[in-house]
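Just below is one structure, and these are the notes that go with it.
Each value in this text was obtained by applying a stated rule to the coordinates, not by laboratory testing. Not measured: the values here are computed from a predicted model. Methodologically, a virtual Cβ is constructed for each residue, glycine included, from the backbone with ideal geometry; neighbour enumeration extends over all protein chains shown.
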Amino acid sequence: MALNITQKIIKDHLVSGEMQPGTEIGLKIDQTLTQDATGTLVMLELEAMGLDRAKTEASAQYVDHNLIQEDSKNPDDHLFLYSATRRFGLYHSRPGNGVSHPVHMQHLAKPGKTLLGSDSHTCANGCMGMLAMGAGGIDVALAIAGEPFFVKMPQVWGIKLTGELPDWVSAKDVILELLRKYDVKGGVGKVIEYYGPGVETLSAMDRHVIANMGAELGATGTVFPSDKEIKKFLKSQGREDDWIELKADKGATYDIEEELNLSQIEPLIAKPSSPGNVVPVTEVEGTPIYQSYIGSSANPGFRDFAVAAEIVDSERVADGVSFDINPTSKQMLTDLVKESHIASLLSAGARMHQAGCNGCIGMGQAPASGKNSLRTTPRNFPGRSGTKEDSVFLCSPETAAASALTGKITDPRTLNMKYPKLEDPKQPTIDANLLDKPLPYEEAKEVKLEKGPNIASIPTMDDLPDSVEIPVLLKMGDNISTDEILAGGARVLPYRSNLPEISKFTFEIVDETYYTRGRETVEEGGHAVVAGNNYGQGSSREHAALAPRYLGLRVALVKDFARIHWQNLVNFGVLPLTFVHEEDYGLLEQGDVLEINNLRENVRKAKPFNIAVKGKNEKINVEHALSERQIDIMLKGGIINWVKDRT
């Protein structure tokens with residue numbers, strides 16, 4: 001049978017289940033990736049499991065999100081992560097080394113391997129011919145411990161690329177075009193696999209840009225071939241021996257097929273406040289801006305910065321514009337310095353920041369209130385930038401640089417200059433000085449974990465009760481993101497290893513009273529939330545499931561879920577239910593009390609069942625999509641209890 005690339009990798013790593021779309025499969029995981037906003041919980045979970053040493057081929061912990069050291073909390077957690085990587089046998093990427101996704105691509109990514117990361121943009125490494133997927137931290141902890149990763153077998157969406165990108169159009173516009181056509185739910189339940197002659201025109205880093213924002217489509221992952229371009233990239237990193245050719249078999253088919261002509265794409269931009277709110281730049285041209293921001297894992301390559309430097313070279317940024325440059329790796333920054341591109345940016349009036357996630361996660365570089373910010377970041381969910389009432393547009397480096405010069409959103413094709421044709425340095429810097437290798441086992445087992453005062457253990461979770469009478473504490477609309485459930489940013493993320501403290505920020509963007517009202521329900525049996533489509537889109541942070549659970553959330557009843565958040569809810573014992581009839585969403589109001597009897601039996605049967613609304617003559621028909629394994633996890637109150645019960 002002829003197989004596409006996705007099917008080949010899944011077949012090679014399948015440990016349970018059948019390759020039938022929609023059914024649960026278990027996959028062997030070769031590599032893992034954690035970052036500091038999620039990694040502290042992962043390391044605490046490894047400690048709780050009693051792990052002796054990582055059982056993966058390579059696992060890496062990156063410090064890239066929480067770099068601001070305004071007090072001791074972040075540096076204390078950095079020391080904890082360092083001690084944990086030494087104890088458990090992981091790579092450790094120090095603060096300042098860069099964003100996890102491009103650094104992993106440079107030093108550890110290998111074609112044909114599986115990669116699981118506690119960051120939703122882990123899918124970026126699909127550019128290397130990997131099956132790279134984001135997941136909740138505890139799923140990654142289990143993978144580090146040698147357990148399979150369970151996921152529903154995705155459909156494979158084959159996109160044949162033809163043509164070549166025109167001048168002033170780049171890889172960011174390709175993924176924005178797909179978001180324009182399919183919005184933020186278009187990739188749910190799918191792996192996007194690119195093939196065709198157009199792929200050959202895209203560099204490895206161009207592919208990274210496209211693969212990264214597969215997360216914004218809701219995709220399980222994105223896969224590119226491993227071809228001569230990937231061989232060239234690995235050779236430039238001194239890792240040519242890690243290359244294997246990987247392409248679809250002749251005659252391979254896809255569950256969904258599409259063709260995209262690169263030659264027909266134009267400069268695009270996502271308007272506030274969704275990555276799917278995409279229009280041509282010409283539609284919003286002339287809109288005044290306060291900030292133009294270049295960087296993040298969504299545009300991390302040398303050319304993404306170099307093309308901006310060439311555009312602004314010998315020019316001056318417009319008055320009143322903050323032109324923020326956010327380097328994505330120390331290695332990349334060194335090359336930009338060598339090629340004088342940093343000098344060009346600084347001379348034009350740019351502001352330089354350290355290599356890391358920074359403004360992408362709301363960790364600095366927040367825009368002024370009531371002003372427009374152009375960003376090459378992957379997301380523009382409400383408040384994610386660090387400014388509560390923000391107005392963030394997503395665009396390419398070309399559009400961002402052109403707009404920085406004019407002070408308003410500008411189609412870069414209108415600039416009176418020749419399009420800069422750039423190539424990566426022939427001998428790029430290879431720098432692993434800030435990437436610590438795993439310690440030898442005999443040395444590692446003597447390491448003690450270094451825990452600062454901000455680290456708190458995860459509390460015990462109780463089993464799923466047999467009957468509940470719980471209020472609907474919140475009723476929300478469509479596309480509620482994990483940033484809205486539990487924000488990132490400099491106020492919140494320093495408490496990522498302290499659940500009682502970080503829970504105080506839960507749902508504050510939606511309803512500032514939720515924390516107080518939620519705590520009041522804990523002793524009364526908890527509460528429920530109700531929402532529309534695509535609930536939990538965005539970041540993989542498991543805090544967005546764990547913090548509401550700590551505050552008493554027992555049931556999330558929605559029209560449908562984003563994949564990673566759905567898994568996180570299950571992992572922490574929050575029952576994820578969907579409406580059998582979506583119109584029943586309109587029957588529920590905030591403050592209604594749900595009466596659910598025989599809950600354990602109904603969950604176990606895995607068939608639709610009714611929920612009564614107290615004081616109303618209403619019955620809501622609901623269902624769940626849990627596998628047998630997940631049903632067992634749910635009945636035990638979450639995956640930590642489930643793991644303990646097995647050991």
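Residue separation of Glu469 and Lys619 scaled by 0.36 nm, minus their Cα-Cα distance, works out to 52.6 nm of gained length. Summarising the amide proton neighbourhood of Thr162: residues at separation of 5 or more, or on other chains, whose placed amide H is nearer than 5 Å comprise Gly198, Leu260, Asn261, Leu262.
Take every DSSP beta bridge whose two residues both sit in the chain; close to 35 percent of them are antiparallel. Spatial offset of the range 341-410 relative to the range 428-472 amounts to 32 Å, using the alpha carbon center of each.
Summarising the label geometry, the points placed 7 Å from Cα in the beta-carbon direction at Lys232 and Asp12 lie 2.3 nm from one another. Scaled to the globular estimate 2.2 N^0.38 Å, the Cα spread of the range 411-570, given as radius of gyration, is 1.47.
Report the calculated FRET efficiency for Thr414 and Asp313 (r = Cβ-Cβ distance, R0 = 25 Å), to the nearest 0.05. For Thr414 and Asp313, the calculated efficiency is 0.90. Computed extension length for Val510-Arg604: 30.6 nm, one decimal, from 0.36 nm per residue of separation with the Cα-Cα distance subtracted. A simple spin-label model places pseudo-atoms 7 Å from Cα toward Cβ; at Asp632 and Glu389 they are separated by 5.2 nm. The ellipsoid that matches the Cα gyration tensor of the range 184-267 has semi-axes, each √(5λ) in whole angstrom, of 23, 15, 14, with the longest given first. Under the combined filter of DSSP loop state and at most 14 neighbouring Cβ atoms within 10 Å, the range 572-647 retains these trypsin sites (Lys or Arg not before Pro): Lys614, Lys616.
Near Glu618, the amide H atoms lying under 5 Å from its own belong to Val613; only residues 5 or more places off or on other chains count, and H is placed 1.01 Å from N. Model label sites at Glu47 and Ala612, defined 7 Å from Cα along the beta-carbon direction, differ in position by 4.6 nm. Per-residue ellipticity at 222 nm, computed for the chain from helices alone with -39500 (n - 2.57) per DSSP H run of at least four residues, works out to -8000 deg cm²/dmol. Multiplying the residue separation of Leu587 and Glu501 by 0.36 nm and removing their Cα-Cα distance gives an extension gain of 27.5 nm.
Looking at the chain, which longest stretch skips every one of the GluC sites (Glu not before Pro) that is in a DSSP loop with at most 12 other Cβ atoms within 10 Å, leaving the sites themselves out?
Maximal segment without exposed cleavage sites: 71-388.
Our analysis of the chain gives Rg over Rh at 0.95, with the two radii drawn from alpha carbon positions and Rh computed by the Kirkwood formula. Global dimensions of the range 50-184 from alpha-carbon coordinates: Rg and Dmax equal 17.7, 55 Å. For the range 135-172, the residues whose amide N sits under 14 Å from a probe point set 7 Å from the Cα of Glu200 along the beta carbon direction are 161-164. Taking every alpha-carbon pair under 8 Å whose residues sit at least 6 apart, the chain reaches a relative contact order of 14 percent.
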